[in-house]
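The values are calculated or read from the model by the stated rules, or taken from the named source; none is laboratory data. Every value quoted in this text rests on a predicted model; they were computed, and no experiment measured them. Every residue, glycine among them, receives a Cβ derived from its backbone with ideal geometry; neighbour counts consider all protein chains shown. What goes into the accessible areas is simple: the full protein's heavy atoms, side chains included, and nothing from ligands, DNA or RNA. Shrake-Rupley method; radii C 1.70, N 1.55, O 1.52, S 1.80 Å.
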Amino acid sequence: AGLLYYPEHVWRPMATLEYAFGSGDARRGSVTNTFGGKQTITTDENFLYFGTYDGGLALSPRLSDLHVLRAGYQVRPFPKKGRRLPDLLLGTKVACYLKDSVDGIISDPAAAMASRDVGWGADTFLAYRPLSDVSIFVQGGQFWPGAAYPVGVRDRTDRVLASASLSF
């Protein structure tokens, strides 16, 4: 679920608030495999979906046994008229990740501790279209593990993604 808010301003800002949830099953060995994933002969309560979900760059979680709350803000800092970079978009999103079941597993197998606190993430991005058929996208993300990770593996994760597209 998500809410988008577009306040009136020359920078054309957008504020977002998103919530996502996927159920899990503490009796699974994997959140993605149907064969060998379930370890007991009980009803499978894991949410196994088709498609993709953008839950943050550094953690990149699957929606299984997970609550994700994300807040974001983006702007186009240069108005269309009279500026060289009218198609520049800057933004950021912050995410809070919580297990649904304390004993459940998420898509990152290192989060094996009995705690709901998976951690926090932050993404920052820049999108630029210098020409009508060329676009550039750069995104950086960080993830700070919570108590669901053992003490020895609670190091911050950093990721960078850069892409360029040519349309013809």
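Here are some notes:
- For the set H9, H67, solvent exposure ranked by accessible area (probe 1.4 Å, protein chains only) runs largest to smallest as H9, H67.
- Semi-axis lengths (Å, descending) of the ellipsoid that matches the C-alpha gyration tensor of the stretch 43-121: 36, 13, 9
- For A58, the residues whose amide H sits under 5 Å from its own are Q142, ignoring neighbours fewer than 5 places away on the same chain, with H placed 1.01 Å from N.
- In the context of the full protein assembly, R62 retains an accessible surface of approximately 70 Å², using a probe radius of 1.4 Å and ignoring ligands and nucleic acids.
- Three-way shape call for the stretch 123-168 based on the alpha-carbon gyration tensor, with the a/c threshold at 1.5: prolate
- Amide H to amide H, with H built 1.01 Å from N, F47 comes under 5 Å of S23, G24, D65, counting only residues 5 or more places away or on other chains.
- Nearest-10 value in Å² for the accessible area of W144, using the 1.4 Å probe: 100 Å²
- Theoretical gain in end-to-end length, V153 to Y5 [0.36 nm per residue, Cα-Cα removed]: 49.5 nm
- Each of Y19 and K80 was given a label point 7 Å from its Cα along the Cα-to-Cβ line. The distance between the two points is 3.6 nm.
- Calculated Kirkwood radius over Cα pairs in Å (choose from [x] 17.0; [y] 17.4; [z] 17.8), label: [z]
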